[in-house]
Ligand SMILES: Cc1cc2nc3c(=O)[nH]c(=O)nc-3n(C[C@H](O)[C@H](O)[C@H](O)COP(=O)(O)OP(=O)(O)OC[C@H]3O[C@@H](n4cnc5c(N)ncnc54)[C@H](O)[C@@H]3O)c2cc1C
């Protein structure tokens, strides 16, 4: 029977120094009016100038080899940067997806000339990526994907559509999953291939989909015989099922999975004031203890990635627990705010952000893998099914 393993990893001392540097940078940016920390949007803000400055600091592609514009630093250092930007509500929308998962996929599977061209641009904060996995009839069941890549002399033609594609309206490239052959009788996962798709190619239409708040976060992307060169195929033809699932370990393990609406907790503390009621103190104590445990687990997963392990099971556990914790947070915070003694203006700001958090909370347990599906992965990882 398999067991889960959270190695007892702590952030190294030099990560603390880096944290100071990131905080100083954020303060400079805030003083210069580069972004509004109280602006709440479903999709982490898209801000080319901010991303370029983060790139110049060396905080994109931190773990990648220097020959591709990376900085050969550790996953734990990258963790600190992600954490600080997320808590500050920094506008990382342009580079975040490319930094977290598209870059690592290219590093592993792209031909050399593509790596040399695109990875340095990502690291400079100049290149935005989106993820083309989900389709109208294929979400949790990724391997039912039906959008096709049809072989022609010059490469492939893409046909079909992707849905819920976050940030496709800004993206320069998509890493997309397309069907190149039918599934086989003994392996229904067979027949899918990953491609690097230039979003400016002819035959691609991006249609906005409004989220619950009417905001433009994700899209439908329609492919009408969009050409893609053969060199843009990532990894082996028909074998993407192996690649796409390891990409998800990166997608699920980061602190963004429990910090997306953590502002609710920090604003609650402000509203409760320095000497909260004993019931509020107890409630906040529970929330903070749970957050602390989640963070220890998430740091551990990142330490294991650093050690070259594949903590797929542990990443799924962090994602599931983290999003369930976040989904419950606004409701607990609303109850605890009843004990507030803070000023009316603080309370009004808290209520405004709380309303937003409640409206976006349903998506938290769906994006990046629905909870029920993650629990299936966890059960399998533990040898229970
Ligand atoms: C905000 C947001 C951003 C997103 N961004 C992207 C993106 O950039 N790129 C991308 O490709 N996708 C993206 N997605 C899509 C997301 O990955 C899918 O919505 C998700 O995988 C679920 O798929 P589905 O919507 O088709 O639901 P379904 O798969 O149809 O699931 C419906 C319900 O059935 C349950 N269910 C399904 N299968 C099982 C099972 N085997 N066992 C138990 N229960 C099951 C699910 O848990 C869920 O409750 C995004 C989604 C959201 C909400």
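Report, in deg cm²/dmol and to the nearest 500, the calculated mean residue ellipticity at 222 nm for the chain, where each DSSP H run with n ≥ 4 adds -39500 (n - 2.57) and the sum is divided by the residue count. Let's see the in-between values first.
Values: 12 runs with 174 residues, N = 385.
The per-residue figure over the chain is -14500 deg cm²/dmol.
Restricting to the chain, compute how many DSSP beta bridges are antiparallel as a %, nearest 5. Walk me through the numbers before you get to the answer.
On the way: 32 of 38 bridges.
If I count the DSSP bridges inside the chain, around 85 percent turn out antiparallel.
Gap in Å between the Cα centre of the range 1-30 and the Cα centre of the range 136-167?
Answer, in whole Å: 36.
Angle, helix 344-364 long axis vs. longest principal axis of the chain, Cα atoms, 0 to 90°, nearest 10?
Between the helix axis and the principal axis of the chain, the angle is about 30 degrees.
Rounded if a/c is under 1.5, else prolate if a/b beats b/c, else oblate: with a ≥ b ≥ c from the C-alpha gyration tensor eigenvalues square-rooted, which is the range 1-50?
Values: a/c = 4.06, a/b = 1.71, b/c = 2.38.
Judged from the Cα gyration tensor, the range 1-50 comes out oblate (a/c at least 1.5, b/c at or above a/b).
Sorted by average packing, counted as other Cβ atoms within 10 angstrom per residue and highest first, what order do 169-179, 303-313, 186-196 take?
Details: 169-179: 24.0, 303-313: 17.1, 186-196: 18.8.
The most tightly packed comes first, giving 169-179, 186-196, 303-313.
Going by alpha carbons, how many degrees (0 to 90, nearest 10) lie between the helix axis of 48-57 and the longest principal axis of the chain?
The helix 48-57 is inclined about 90 degrees to the chain.
Express in whole angstrom the spacing between the alpha-carbon centres of the range 93-114 and the range 182-199.
19 Å
What shape does the range 108-239 take by its C-alpha gyration tensor, where a ≥ b ≥ c are the square roots of the eigenvalues and a/c under 1.5 counts as rounded, a/b above b/c as prolate, and the rest as oblate?
Working: a/c = 1.65, a/b = 1.09, b/c = 1.52.
Oblate shape, in that a/c is at least 1.5 and b/c is the bigger or equal ratio.
Sort the following peptides by mean Cβ neighbour count (other Cβ atoms within 10 Å, averaged over residues), highest first: 280-293, 94-107. Write out the running numbers ahead of the final one.
On the way: 280-293: 14.8, 94-107: 25.1.
Listed from highest to lowest mean packing, they are 94-107, 280-293.
When a/c is below 1.5 the answer is rounded, else prolate if a/b is larger than b/c, else oblate, so apply that to the range 151-219 with a ≥ b ≥ c taken from the square roots of the Cα gyration tensor eigenvalues. Working shown, then result.
Working: a/c = 3.02, a/b = 1.58, b/c = 1.91.
In terms of gyration-tensor shape, oblate.
Using only Cα atoms, tell me the angle between helix 312-336 and the longest principal axis of the chain; keep it within 0 to 90° and round to the nearest 10.
Approximately 40 degrees, to the nearest ten.
Every read-out reported here was derived from the displayed coordinates using simple, explicitly stated rules and does not represent laboratory data. These numbers come from a predicted model, not from an experiment. No Cβ is skipped: glycine too gets one built from the backbone with ideal geometry, and neighbour counts run over all protein chains shown.
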